[in-house]
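Everything on this sheet refers to the single structure shown next.
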Amino acid sequence: MSTNTKFSVYVGNLDERVSDRVLYDILIQAGRVVDLHIPRDKETDRPKGYAFVEYETEEIADYAVRLFSGLVTLFNRTLKFAISGQDKPSPNVPSTVTPTTNFSNKLRSPPRTD
């Protein structure tokens, strides 16, 4: 796998039954996939539950994260997507936390003018 992490997307929360082919068939819908790697445990040879996909361009990788986040569920697991190497989700990805309205400003009485 190439070391260009700008084009690489982390895919998390994978069930061990997800095959390379199934994952590839989903991921190719965002754009050209250059490489797909599902790491395996050295002792058990079982998948570790995540994967890395490398796309042809940074734009495609960003698009894939926006496109797939929160929408892909395999074996009753919603997959997680992020640009590889970033600790925080992409700013273009909608947050899974619903914003709350701050009502405290709306409930205050207007200042008195006496």
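The set of residues in segment 27-51 being touching a residue at least 40 places away in the same chain (Cβ under 8 Å) and surrounded by fewer than 18 Cβ atoms within 10 Å (Cβ to Cβ) consists of Tyr50 alone. For the subset of segment 54-80 comprising residues that are of a type in the set (Val, Ile, Thr) and touching a strand residue (DSSP E or B) at 6+ places or on another chain (Cβ under 8 Å), which member is farthest from Arg17 (Cα to Cα)? This residue is Val65.
Determine, yes or no, whether Leu67 is of a type in the set (A, V, I, L, M) and without any contact (Cβ under 8 Å) to a residue 24 or more places away in the chain. It is false that Leu67 is of a type in the set (A, V, I, L, M) and without any contact (Cβ under 8 Å) to a residue 24 or more places away in the chain.
Quick check, is Asp15 more than 15 Å from Ser84 (Cβ to Cβ), out of contact with any Ser or Thr (no Cβ under 9 Å at 6 or more places or on another chain), without any contact (Cβ under 8 Å) to a residue 40 or more places away in the chain and of a type in the set (D, E, K, R)? Considered against the rule, which asks whether it is more than 15 Å from Ser84 (Cβ to Cβ), out of contact with any Ser or Thr (no Cβ under 9 Å at 6 or more places or on another chain), without any contact (Cβ under 8 Å) to a residue 40 or more places away in the chain and of a type in the set (D, E, K, R), Asp15 comes out as no.
None of Tyr63, Tyr10 is more than 16 Å from Gly85 (Cα to Cα) and among the aromatic types (Phe, Trp, Tyr) except Tyr63.
All of the numbers you see were taken from the coordinates with simple rules; none came from a lab. Quick caveat: nothing in here was measured; it's all calculated off a predicted structure. Cβ sites come from the backbone with ideal geometry, for glycine too, and all protein chains shown count toward neighbours.
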